[in-house]
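Peer 1: Quick one: the structure is below, questions incoming.
The values are calculated or read from the model by the stated rules, or taken from the named source; none is laboratory data. Note that this is a predicted model, so its numbers are computed, not measured. Counting neighbours? That spans all protein chains shown, and the Cβs are built from the backbone with ideal geometry, glycine included.
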Amino acid sequence: MQVIRHKRSGDGVQKRGLIFVGLLLVVALGVWPWSRTQPMVDVVRMYLSAVALLSGIAILVLLAIRSKYKNIGEDMALQELRKLGNEYLTIVNFSVPGHKRRAIDVVVAGPHGVVAVEVKPRAHKMRCRGDLWSTMKTNGDAIPLKRSPSKHVRTLSVSLMGHLRKNGFHGAVNPALVFQNSAELDLVNPTVTVMRVKELMRWLQALPKEDLGAVDVLLTLEGKAPRQPAPVQAADPLAKERLPKDPLAREGS
């Protein structure tokens, strides 16, 4: 299976976060000498500097956790997808034109067409009621998610399908949500296919075959050469003459 991996769309957010942290540090360092000439209490001066510094550190930590958390999910899905054959193509962090800040975690193209996969590396219990998702606490309380993952991946799959149709692929794009194997899933009427990582490959292989050139279209969009069709061997006109003669055929004649 061929794999193309892009930089995460969150890398841009991370860069902006680093710029923001730098500005906070500049403020922290600038407030100190400026405040020495102003009628401010030393405690207030130290407080402002400390807040700016700690805020910067907190943002750096959160960005690092977010990046590592997202990579874990993508790596889990890729480990399972690598079992697929050479007729499949996987693109990680595929940004649909017009949605550059909302990349699809994994796009898989093959004999089944195209699938858009949103990976959620959550190991706890999740409850789904249509497009409404919640994290379940041990005491039974439900914490609603601010953004519906099923609605998110469905929206991106529609955008991807429109983009592919402009470039020659006229099949459907199937959206799917994939969770960790240890995740507990309480699902009622989910609007997209929901599964665990270990079920991903079996689900892909069970999809109806509709290879409408999806792999070649995606390879072209990625600036890669399309796959070369297997060479067709010409029929050998002398093949029959080279076959060994049946010794019983002469006796029976």
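Peer 1: Would you please name the residue that is farthest from the chain's Cα centre (by Cα), looking only at residues in the stretch 159-180 that are small (Gly, Ala, Ser) and under 17 Å from Asp216 (Cα atoms)?
Peer 2: Gly168
Peer 1: Would you please name the residue that is farthest from Lys7 (Cα to Cα), looking only at residues in the stretch 100-109 that are crowded, with 24+ Cβ neighbours inside 10 Å and more than 8 Å from the chain's Cα centre (by Cα)?
Peer 2: By that ranking, first place goes to Ala109.
Peer 1: Return yes or no: is Asn181 surrounded by fewer than 17 Cβ atoms within 10 Å (Cβ to Cβ), at pLDDT below 90, out of contact with any Pro (no Cβ under 7 Å at 6 or more places or on another chain) and not aliphatic (A, V, I, L, M)?
Peer 2: Criteria met by Asn181.
Peer 1: I'd like to check which helices (runs of 4 or more DSSP H) are fully inside the stretch 184-253 and have at least 1 residues that are out of contact with any helix residue (DSSP H, G or I) (no Cβ under 9 Å at 6 or more places or on another chain), at pLDDT 90 or above and of a type outside the set (Lys, Arg).
Peer 2: Counting at least 1 such residues, we get 200-206.
Peer 1: Moving to a separate point now. Is one or more of the residues making up the stretch 160-178 in contact (Cβ under 8 Å) with a residue 12 or more places away in the chain, buried (at least 18 other Cβ atoms within 10 Å of the Cβ), of a type in the set (Phe, Trp, Tyr) and assigned to a loop (DSSP other than H, G, I, E, B)?
Peer 2: Scanning the stretch 160-178, I find at least one residue that is in contact (Cβ under 8 Å) with a residue 12 or more places away in the chain, buried (at least 18 other Cβ atoms within 10 Å of the Cβ), of a type in the set (Phe, Trp, Tyr) and assigned to a loop (DSSP other than H, G, I, E, B), so the answer is yes.
Peer 1: Can you find a residue in the stretch 145-158 that is touching a residue at least 60 places away in the same chain (Cβ under 8 Å), under 20 Å from the mean Cα position of the chain (by Cα) and either over 19 Å from Met1 (Cα atoms) or crowded, with 18+ Cβ neighbours inside 10 Å (or both)?
Peer 2: So far as the stretch 145-158 goes, yes, one or more of its residues are touching a residue at least 60 places away in the same chain (Cβ under 8 Å), under 20 Å from the mean Cα position of the chain (by Cα) and either over 19 Å from Met1 (Cα atoms) or crowded, with 18+ Cβ neighbours inside 10 Å (or both).
Peer 1: Still on this structure: Does at least one position in the stretch 112-124 carry a residue that is over 19 Å from the mean Cα position of the chain (by Cα) and surrounded by fewer than 20 Cβ atoms within 10 Å (Cβ to Cβ)?
Peer 2: Residues of the stretch 112-124 that are over 19 Å from the mean Cα position of the chain (by Cα), as a first pass: 124.
Of the ones still in play, those that are also surrounded by fewer than 20 Cβ atoms within 10 Å (Cβ to Cβ) are 124.
For the stretch 112-124, residues over 19 Å from the mean Cα position of the chain (by Cα) and surrounded by fewer than 20 Cβ atoms within 10 Å (Cβ to Cβ): present.
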